[in-house]
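Notes follow once the structure below has been shown.
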Amino acid sequence: MPSIPTPPAAQPQIDLGAERAAAARRGTLLGIPMGELGWFQSLLIGTAAGFAAFFFATFCGIVVCLFLVARHHTIDFAITYRVVGFPVGITVLALAYIYLGQLWVRRKLHRGV
């Protein structure tokens, strides 16, 4: 007579909601401890985020312009920098400075240093 399969032993359940809330209190972003960055490191990471956003948005704008050129439209490629890349880069730069600066100030006030 064949044996009846038994269910595997119960695995402990991990509460991901509580883990994510604790990570947010510590100042982590995608597992990276952003709350432990110093003043200069925060400026450097914020600037890098702004530059990366500028180049990515400009790339996307150039791809759209190439699509329009392929459809026989006359396009000025400077639009990709002025209208797409620059505003996105400045916006991401400002948001990164605000977020990282807020984390740095909160850490300084919490530690009293």
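A short reminder: the numbers here are calculations on the coordinates, not readings from a lab. Everything numeric here is computed off the predicted structure, so don't read it as measured data. Backbone-built Cβ (ideal geometry, glycine too); neighbour counts: all protein chains shown.
Yes or no: Gly61 surrounded by fewer than 18 Cβ atoms within 10 Å (Cβ to Cβ), touching a residue at least 24 places away in the same chain (Cβ under 8 Å) and of a type outside the set (Ser, Thr, Tyr)?
Numbers: surrounded by fewer than 18 Cβ atoms within 10 Å (Cβ to Cβ): no; touching a residue at least 24 places away in the same chain (Cβ under 8 Å): yes; of a type outside the set (Ser, Thr, Tyr): yes.
The answer is no for Gly61.
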- Task: Run Leu100 past the list (1) crowded, with 18+ Cβ neighbours inside 10 Å; (2) more than 17 Å from Gly27 (Cα to Cα) and report the number of the one that doesn't hold.
- Result: (2)
